[in-house]
1. In region 15-29, what residues are loosely packed, with under 12 Cβ neighbours inside 10 Å and over 30 Å from VAL57 (Cα atoms)?
2. Looking at ALA106, ALA80, ALA120, which one is closer than 18 Å to ARG44 by Cβ and in a strand (DSSP E or B)?
3. Select, from SER146, SER81, SER118, SER122, the only residue that is at pLDDT below 95, out of contact with any Pro (no Cβ under 6 Å at 6 or more places or on another chain) and among the small types (Gly, Ala, Ser).
4. Select from region 83-103 the residues that are open to solvent by less than 70 Å² (accessible area, probe 1.4 Å) and not in a strand (DSSP E or B) and list them in ascending order.
5. Could you check how many residues of region 43-82 are open to solvent by less than 70 Å² (accessible area, probe 1.4 Å), acidic (Asp, Glu) and over 26 Å from SER122 (Cβ atoms)?
6. Taking region 34-63, which residues are touching a Ser or Thr at 6+ places or on another chain (Cβ under 7 Å) and over 24 Å from LEU21 (Cβ atoms)?
7. Of ARG6, ARG40, which residue is surrounded by 12 or more Cβ atoms within 10 Å (Cβ to Cβ) and in a strand (DSSP E or B)?
8. Can you tell me which of VAL105, VAL57 is β-branched (Val, Ile, Thr), touching a residue at least 24 places away in the same chain (Cβ under 8 Å) and more than 22 Å from PHE150 (Cα to Cα)?
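The values are calculated or read from the model by the stated rules, or taken from the named source; none is laboratory data. Since the model is a prediction, treat every value here as computed from it, not as a measurement. Cβ: placed from backbone, ideal geometry, glycine included. Neighbour counts: every protein chain shown. SASA here: full protein model, heavy atoms, side chains in, ligands and nucleic acids out. Shrake-Rupley method; radii C 1.70, N 1.55, O 1.52, S 1.80 Å.
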Amino acid sequence: VAEAERRQATRDVSGSRDRFLRLDGEAGAGVEMGGVWSLRPSARVEWVRHDEPDSVVDFDYVVARAQLAVGRELGPAWRASAGARAEWLASPWNTAEEYGEFAAVAELERFTGGTMWSLAPSAGSRAYARAASSASVGLFAPLLHSNFRFVDVTVLLDQPLPARLRLRVTGAARAEWHTI
């Protein structure tokens, strides 16, 4: 899957954040390992370039994500998987934003003719290249990110209802525990 977005204001407005190019690409595969088991590698890259980047708000960046999971079919409609995910953000204009994130991931899915359910929890940690420390926090200290641990869950539901109606729910929740 690939996506390209070019934002350009119809009138030039000072301070507009609408002048950028964003490219997003994702690839994945399912490699059968005999019977009900499969290996599921995936990768995603997002690339953003602003016409007039700065180091505070409109900075250029690249986010790369790789995931590897082992999946198991649990009957005709259910599938479960578990694995690991790594994500990196690089930004030459704003190195304070750069980070590496690693997480354990799981997913439970149900697919039938007209129904899709997905529950995807993960837990991990993010470490910034220039993380704030308790010594750097103060009234006149530059604002930097702090490293943190997290747990999150994403829920997707697409369920047919009577009278040709459908219930569609998408949700995500995340809790973070920062080092400072």
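1. Within region 15-29, ALA29 is the sole residue that qualifies.
2. Values: ALA106 fails: closer than 18 Å to ARG44 by Cβ; ALA80 fails: closer than 18 Å to ARG44 by Cβ.
From the options ALA106, ALA80, ALA120, the qualifying one is ALA120.
3. On the way: SER81 fails: at pLDDT below 95; SER118 fails: at pLDDT below 95; SER122 fails: at pLDDT below 95.
Going through SER146, SER81, SER118, SER122 in turn, the sole match is SER146.
4. Residues of region 83-103 that are open to solvent by less than 70 Å² (accessible area, probe 1.4 Å), as a first pass: 83-87, 89-91, 94-101, 103.
Residues satisfying the conditions are SER91, ASN94, THR95, ALA96, GLU97, GLU98.
5. The qualifying residues number 3.
6. Residues of region 34-63 that are touching a Ser or Thr at 6+ places or on another chain (Cβ under 7 Å), as a first pass: 40, 59-61.
Listed by number, the list holds a single entry, ARG40.
7. Working: ARG6 fails: surrounded by 12 or more Cβ atoms within 10 Å (Cβ to Cβ).
The unique qualifying residue is ARG40.
8. Numbers: VAL105 fails: more than 22 Å from PHE150 (Cα to Cα).
From the options VAL105, VAL57, the qualifying one is VAL57.
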